[in-house]
Amino acid sequence: MKSKKIGVLGSGQLGQMMALEALPLGFDFYCYSPDPVSPAKKAGVTDFVGEYTDYDSLGKFLEKIDILSFEFENIPGDTLLFLEDYSQKKGLEIFPNPNSLRIAQDRFLEKSHFSKLGLNTPKNHHLTKDNANDKVSIPFPWIVKTLRFGYDGKGQTKVTNESDYQAFLSQSFPTGKEEYLIEEVISFDLEVSVILCRFQDGNILSYGTIENIHKNHILDVSIFPARIEPTLSEKAVQIASSLADSLNYVGIMGVEFFIRENQIYLNEFAPRPHNSGHFSQNAESCSQFLLHLYAVSGLGKPNSFSPKPAVMKNILGNDYRHSLDLCYQLIKDDRYSLHLYGKEEPRAGRKMGHLNFKGEFKDLDPRFFQI
């Protein structure tokens with residue numbers, strides 16, 4: 001088989017981890033991003049540096065590759081149009097399709113898509129300056145989110161009453177073009193995600209559900225498999241699979257859910273490898289990054305797929321030296337595996353790496369939670 005040339009928009013840790021799976025398989029691997037000192041480059045990737053709206057530089061990058069994928073969803077809309085036009089003219093394969101990114105990066109489009117599919121999602125309202133005086137028929141409290149470019153709790157405001165709402169409105173439309181999504185607050189018992197891979201022939205492989213624990217709106221620990229009833233896990237996988245089918249999706253997708261009293265609420269999806277799927281690197285089966293490569297390259301499903309229990313802990317820039325000291329103690333036990341991204345500057349809240357544990361949650365060393 002002729003070696004495929006795979007390119008990724010984005011050159012952070014997800015591009016890096018994808019590259020670390022691609023290079024040993026003989027794939028030529030390229031990344032494109034504005035970052036001149038990226039984690040992917042440190043993994044030996046051929047990188048192109050440029051803005052996502054610099055179409056001359058982007059075109060030179062695209063000329064090098066056969067297949068394009070993405071490390072993150074917030075690619076400018078005009079760039080997605082450019083990629084679609086380039087694909088039509090030059091035959092470039094793009095996985096997942098750009099429309100999946102359009103939906104994922106716009107919270108109103110995303111929630112509207114869920115509703116069209118009849119999937120249970122928190123009540124929501126699209127807020128603009130033009131309808132700011134309309135009555136919102138969602139009981140307080142709310143989370144008001146910017147429509148685009150929010151992650152790890154950024155761009156979110158909690159509104160508990162009418163006074164809070166009026167205060168929010170008074171300062172939230174400086175240009176008049178801002179858009180928000182008002183969303184009911186779900187008092188959930190648990191957060192889970194489904195990591196699945198949909199292949200070019202429509203077949204789907206899923207890891208099942210992962211239990212996620214957040215701290216300060218940032219993912220802290222992921223436990224695989226989630227400690228929930230099998231029927232709930234099966235339902236979440238079914239919902240995620242129907243979403244992937246509706247988008248004619250190809251590649252790895254992360255789908256996030258809230259669970260309250262045995263009810264499942266679909267929160268959001270990520271059209272790319274997902275932080276809660278990092279456990280898969282040490283779960284004794286194909287990682288999410290390898291599955292993604294199998295899907296986008298056309299290699300298809302692996303012959304065997306039986307991931308074992310594992311736990312993932314994010315390593316943030318907060319007190320980074322102390323966290324590393326603990327990690328170096330723990331990895332003397334070969335059930336622990338350290339994955340650092342090579343980022344230049346540790347900052348509070350910045351994801352610098354993760355630590356995986358191969359085994360059951362109950363068998364973790366208590367120091368794991370002090371990282």
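The values are calculated or read from the model by the stated rules, or taken from the named source; none is laboratory data. What you see is a predicted model, and the numbers here were worked out from it, not measured in a lab. For neighbour counting, all protein chains shown are included, and Cβ atoms are generated from backbone atoms with ideal geometry for every residue, glycine included. Accessible surface areas use protein heavy atoms only, side chains included; no ligands, DNA or RNA. Shrake-Rupley method; radii C 1.70, N 1.55, O 1.52, S 1.80 Å.
Odds and ends about this structure:
- Bridging of Lys116 to aspartates and glutamates at a Cα separation below 15 Å is possible for Asp245, Glu268, once same-chain residues fewer than 8 apart are set aside.
- Euclidean distance of C-alpha centroids, segment 36-81 and segment 189-254, integer Å: 27
- Accessible area per residue for segment 223-303, computed on protein heavy atoms with a 1.4 Å probe, is 35 Å².
- Contact order, relative form, for segment 267-350: 26 percent (alpha carbon pairs under 8 Å, 6 or more residues apart, mean separation divided by residue count).
- Here is the list for segment 191-277: GluC sites (Glu not before Pro) lying in DSSP coil, each with at most 13 other C-beta atoms within 10 angstrom of its C-beta, are Glu261.
- Accessible area of segment 223-371 belonging to carbon and sulfur atoms, whole % at 1.4 Å probe: 45
- Rounded accessible area per residue of segment 20-140, 1.4 Å, Å²: 49
- Qualifying GluC sites (Glu not before Pro) in segment 153-188, where qualification requires a DSSP coil assignment and no more than 14 other C-beta atoms within 10 Å, comprise Glu178.
- Euclidean distance between Cα centres, segment 87-120 to segment 168-184, Å: 24
- Protein-only accessible surface at a 1.4 angstrom probe places the residues Lys64, Lys343 in the order Lys64, Lys343, largest first.
- Vicinal HN-Hα couplings computed from phi for segment 68-84 (Karplus, 6.51 cos²θ - 1.76 cosθ + 1.60; Hz; Gly/Pro x): 10, 9, 9, 9, 8, 8, 8, 7, x, x, 5, 5, 4, 5, 4, 5, 5
- Our Cα-only numbers for segment 206-299 put the radius of gyration and Dmax at 13.3, 41 Å.
- Leu127 long-range amide H proximity, modeled H, under 5 Å: Tyr180, Leu181, Ile182
- Checking the Cα-Cα distances for Lys4/Lys42; Lys235/Lys308; Lys145/Lys332 against a 32 Å cut-off, the pairs over it are Lys145/Lys332.
- Dipole magnitude of segment 248-350 about its Cα centre (Cβ charges: Lys, Arg +1; Asp, Glu -1), debye to nearest 20: 100
- Sequence-separation-based contact order of segment 51-155, relative, with Cα cut under 8 Å and 6+ spacing, percent: 22
- Electrostatic dipole magnitude of the chain [Cβ: Lys, Arg +1; Asp, Glu -1; Cα centre; debye, to 20]: 420
- For segment 1-157, share of DSSP beta bridges that run antiparallel, in % to the nearest 5: 10
- Lys/Arg +1, Asp/Glu -1 at C-beta; segment 1-139 dipole; positive extreme among Ile65, Phe95, Gly7: Phe95
- Only helical runs count toward this figure. For the chain, summing -39,500 (n - 2.57) over DSSP H runs of n ≥ 4 and dividing by all residues gives -8000 deg cm²/dmol at 222 nm.
- Zero-based 10 Å bins, Cα pair distances in the chain, whole percents: 5, 23, 32, 27, 12, 2, 0
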